[in-house]
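Take a look at the structure set out below.
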Amino acid sequence: MKLLEVRGALQREANKNKTPIQELEIPKLWILTPTASATLLSGFRAVQGEDWLPGVHFMAEYLRTAIVAIHQLPQTLETLWLRILGRGRVQEQAINELKALPSNHPFQKATLELVYNLGQNLRVNQNLEEDDRELIMRLEPLYQQDREQAKQEGIQQGERLVVENLLQVRFGSLDKELSAIIEPVLALSPEEFTPLLMQLSREELIARFGRQS
């Protein structure tokens, strides 16, 4: 096996240099599988790892290999991304948890980006398996919703900068009173608030929008 060849090469090099081999220098193979029966795990002599989450099973030490049975992983945020790669109810539960996260949660954004990129790569390679196709189809609406929200947030941020810049240009600075009218002003469209900010005096702006803050 390749891993044993690697171990042998590292050991020979260590003996040559008279330095002990470090286990961390030897690569470990991680096998991710949606399901793994007790018979399969027993056949590979894979046992639950001590101080590891349920579902992480290690083979004999020299094989440097672990099997991650996705269906056995606990339902935690740390395992969410792996469980999305599962099947059936496991995957469905993980997707529901992903949807339930706040829209600005970094884990949701990162996961959607990873799955979207995976889908793009698979489409380019024209090698889309049924499980992959189903996962991408289920997450596509959530990804598009995330993109639309990001677009809207960008537009809103741009409008805020326009309002702040117009107020600063006209009145020299943004004091407490002028800062307080920004949110009410942003309730209007750019076509509505731009002429008002250009034409109304400071007192008129505060009188008109200050009551709404």
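The values are calculated or read from the model by the stated rules, or taken from the named source; none is laboratory data. Computed from a predicted structure; not experimentally measured. For accessibility, only protein heavy atoms count, side chains too; no ligands or nucleic acids. Shrake-Rupley method; radii C 1.70, N 1.55, O 1.52, S 1.80 Å.
Things worth noting here:
- Between I67 and I31, H57, F58, M59, the built amide H atoms are under 5 Å apart, and every one of these is 5 or more places off in sequence or on another chain.
- Of the residues E191, E113, the one with the largest accessible area comes first in the ranking E191, E113, computed with a 1.4 Å probe on protein heavy atoms.
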